[in-house]
Amino acid sequence: QVQLVESGGGLVQAGGSLRLSCAASGRTFSSYAMGWFRQAPGKEREFVAHIKWNARNTYYADSVKGRFTISRDNAKNTVHLQMNSLKPEDTAVYYCAAVYATPDYSSSSRYDYWGQGTQVTVSS
């Protein structure tokens with residue numbers, strides 16, 4: 001089993017940056033692919049980014065490509081989401097999630113474990 005705890009959210013002005021972190025418990029963290037999702041009020045949870053267990057492959061939603069970067073440190077059981085050039089439409093609760101393996105990385109239903117979320121608010 002994997003337990004996930006996100007941190008690093010907050011309030012930032014448009015154009016600013018934030019770095020989200022997700023700390024994982026469990027000795028098998030390095031076996032899991034990791035994803036970031038977000039959910040704005042009144043909207044469905046949406047895919048943001050995904051990273052394979054060995055960090056060799058990363059995938060992004062078109063809306064964040066070129067602005068966000070996902071990374072992981074298997075030695076420290078952590079995954080990060082560096083968010084630059086933030087926009088008001090990036091405002092949401094951000095969740096990290098773990099999946100053992102899936103080709104359908106953008107589907108939230110494929111993920112096995114979820115964190116509690118961290119709020120990101122971007123002011124205009």
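The values are calculated or read from the model by the stated rules, or taken from the named source; none is laboratory data. Keep in mind it's a predicted model, so treat the numbers as computed, not measured. Note: ideal-geometry Cβ built from the backbone for every residue, glycine included; neighbour counts use all protein chains shown. Remember, those area values only see protein heavy atoms, side chains included, never the ligands or the DNA or RNA. Shrake-Rupley method; radii C 1.70, N 1.55, O 1.52, S 1.80 Å.
Of everything listed in (1) crowded, with 18+ Cβ neighbours inside 10 Å; (2) part of a loop (DSSP other than H, G, I, E, B); (3) more than 12 Å from the chain's Cα centre (by Cα), the single unmet condition for Ser85 is (1).
Rundown of residues vs (1) assigned to a strand (DSSP E or B); (2) under 14 Å from the mean Cα position of the chain (by Cα); (3) in contact (Cβ under 8 Å) with a residue 12 or more places away in the chain; (4) over 21 Å from Ser108 (Cβ atoms), yes/no style:
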site	(1), (2), (3), (4)
Arg56	no, no, no, yes
Asp62	no, no, no, no
His80	yes, yes, yes, no
Cys96	yes, yes, yes, no
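When Val79, Val64, Val5 are screened for being hydrophobic (A, V, I, L, M, F, W, C), modelled with pLDDT of 95 or more, under 19 Å from Gly117 (Cβ atoms) and open to solvent by 60 Å² or more (accessible area, probe 1.4 Å), only Val5 passes. Would you confirm whether or not region 9-19 contains a residue that is touching a residue at least 40 places away in the same chain (Cβ under 8 Å), under 11 Å from the mean Cα position of the chain (by Cα) and open to solvent by 30 Å² or more (accessible area, probe 1.4 Å)? Looking for residues that are touching a residue at least 40 places away in the same chain (Cβ under 8 Å), under 11 Å from the mean Cα position of the chain (by Cα) and open to solvent by 30 Å² or more (accessible area, probe 1.4 Å), one finds at least one in region 9-19, hence yes.
When residues in region 98-112 are screened for being farther than 12 Å from Phe37 by Cα, of a type outside the set (Gly, Ala, Ser) and open to solvent by less than 90 Å² (accessible area, probe 1.4 Å), 4 of them pass. Take the residues in region 37-61 that are out of contact with any Phe, Trp or Tyr (no Cβ under 9 Å at 6 or more places or on another chain) and within 21 Å of Gln119 (Cβ to Cβ); name whichever of them is least open to solvent (accessible area, probe 1.4 Å). By that ranking, first place goes to Ala40.
Need pairs with beta-carbon distance below 7 Å; first residue in contact (Cβ under 8 Å) with a residue 24 or more places away in the chain and within region 27-39, second in a helix (DSSP H, G or I) and surrounded by fewer than 24 Cβ atoms within 10 Å (Cβ to Cβ); sequence gap 6+ or separate chains. From region 27-39, the pairs are Phe37/Ser108.
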